[in-house]
Amino acid sequence: MTDSLPMTVPAPLTPAQRTSIVNLVRRAAKAEILPRFRALAAHEIDQKTGPQDLVTEADRAAEAMIARGLLGLFPNALIVGEEDVSKNPDIVDKIAGAEMAFTIDPVDGTWNYANGLTTFGVILSMTRYGTPVFGLLYDPVMDDSIIADDTGPAQMLRPRRAAQTLSVSKGGPIEQLTGYVGLYNLPQDQRAAMAATFPRFDRATSLRCACHEFRMLAQGNVDFVFCAGLTPWDHAAGVLIAQRAGGHVAQLDGSDYRADAPREGYILAASDTATWGRLRDVFSFLLAE
């Protein structure tokens, strides 16, 4: 009698499909996002929930182009785009039951983009019954992508260069950690208590862009990312990429992240399990709330 061989789990996408998705996002950026950067007229910028929550013509046009391209590649997929959800919020409820769903944030960091800052990106994820299985964080300015699926490492892809495998930092004690916390996504009555934790860290700040915050974590340049106001188009790709770069990611209450997680929850992504635990203890007052 011989030992059975371990079962090989197939990748959610073939290499050709992954390449097609990356190239689709690159084309959308070149056609719809970059030509409008620092060239938007006032009537091409609108508010959604307030002056800090913007949408532009670039968001709408890029999402439409990416959604069309994905449906051409995967005709039976559920497409969940941030701007479409603004009009059809019930789409999010279908993620948990979808065998193949794609989430799109066509311009993550829209406030930065609309105000002429280069810290913006495109986020795309594929989920299977609510679990992220593929993620892409694309920087249109530098034309590079960080991608991962649930079977391999997180990688940086640059044109005409070999793929680079990424790894998170080594973490450490609280006073040595650097990371990102978006105060503006927390309820107003919790912001002062969260801000009071900042002096405990070496540095805590925000880029106003989940795409670049998770990219920095996956590259080992910061030690943690804390997210509130959960939406699948903002966080599903970054969660998976952080995990595949060696990090520990969970909801603040310790449960596994899902793309259909309640919006009121919190995500904590850190370099390793021990660092995650130290951070969870610092932020645990939010669980009592």
Counting only residues that are surrounded by 14 or more Cβ atoms within 10 Å (Cβ to Cβ) and small (Gly, Ala, Ser), which one in region 139-172 is farthest from the chain's Cα centre (by Cα)? 172
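Taking the conditions exactly as written (part of a strand (DSSP E or B), in contact (Cβ under 8 Å) with a residue 12 or more places away in the chain and not small (Gly, Ala, Ser)), does residue 141 satisfy them or not? First the steps, then the outcome.
Details: part of a strand (DSSP E or B): no; in contact (Cβ under 8 Å) with a residue 12 or more places away in the chain: yes; not small (Gly, Ala, Ser): yes.
It is false that residue 141 is part of a strand (DSSP E or B), in contact (Cβ under 8 Å) with a residue 12 or more places away in the chain and not small (Gly, Ala, Ser).
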Which one is surrounded by the fewest Cβ atoms within 10 Å (Cβ to Cβ) among residues in region 72-87 that are under 21 Å from the mean Cα position of the chain (by Cα) and not β-branched (Val, Ile, Thr)? 86
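Specify which of the listed residues (119, 131) is surrounded by fewer than 24 Cβ atoms within 10 Å (Cβ to Cβ), touching a Gly at 6+ places or on another chain (Cβ under 6 Å), β-branched (Val, Ile, Thr) and touching a residue at least 12 places away in the same chain (Cβ under 8 Å).
Numbers: 131 fails: touching a Gly at 6+ places or on another chain (Cβ under 6 Å).
After ruling out the rest, the residue left standing is 119.
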Need a quick list: strands (runs of 3 or more DSSP E) entirely within region 173-289 having at least 2 residues that are of a type in the set (A, V, I, L, M, F, W, C) and surrounded by 15 or more Cβ atoms within 10 Å (Cβ to Cβ). 224-227, 248-251, 267-270
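Being closer than 22 Å to residue 128 by Cα, free of Cβ contacts under 8 Å to residues at least 40 places away in the same chain and not assigned by TED's automatic domain parsing to the domain that holds residue 101 narrows it down to one residue among 204, 242, 269, 261; which is it? Show your work before the answer.
Numbers: 204 fails: closer than 22 Å to residue 128 by Cα; 242 fails: free of Cβ contacts under 8 Å to residues at least 40 places away in the same chain; 269 fails: free of Cβ contacts under 8 Å to residues at least 40 places away in the same chain.
One residue alone meets the criteria, 261.
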Scan the helices (runs of 4 or more DSSP H) fully inside region 6-121 and keep the ones with 3 or more residues being under 16 Å from residue 211 (Cβ atoms). 15-28, 57-73, 110-114
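The values are calculated or read from the model by the stated rules, or taken from the named source; none is laboratory data. Please read all numbers here as calculations on a predicted model, not as lab measurements. Every residue, glycine as well, gets a Cβ built from its backbone with ideal geometry; the counts of neighbours run over all protein chains shown.
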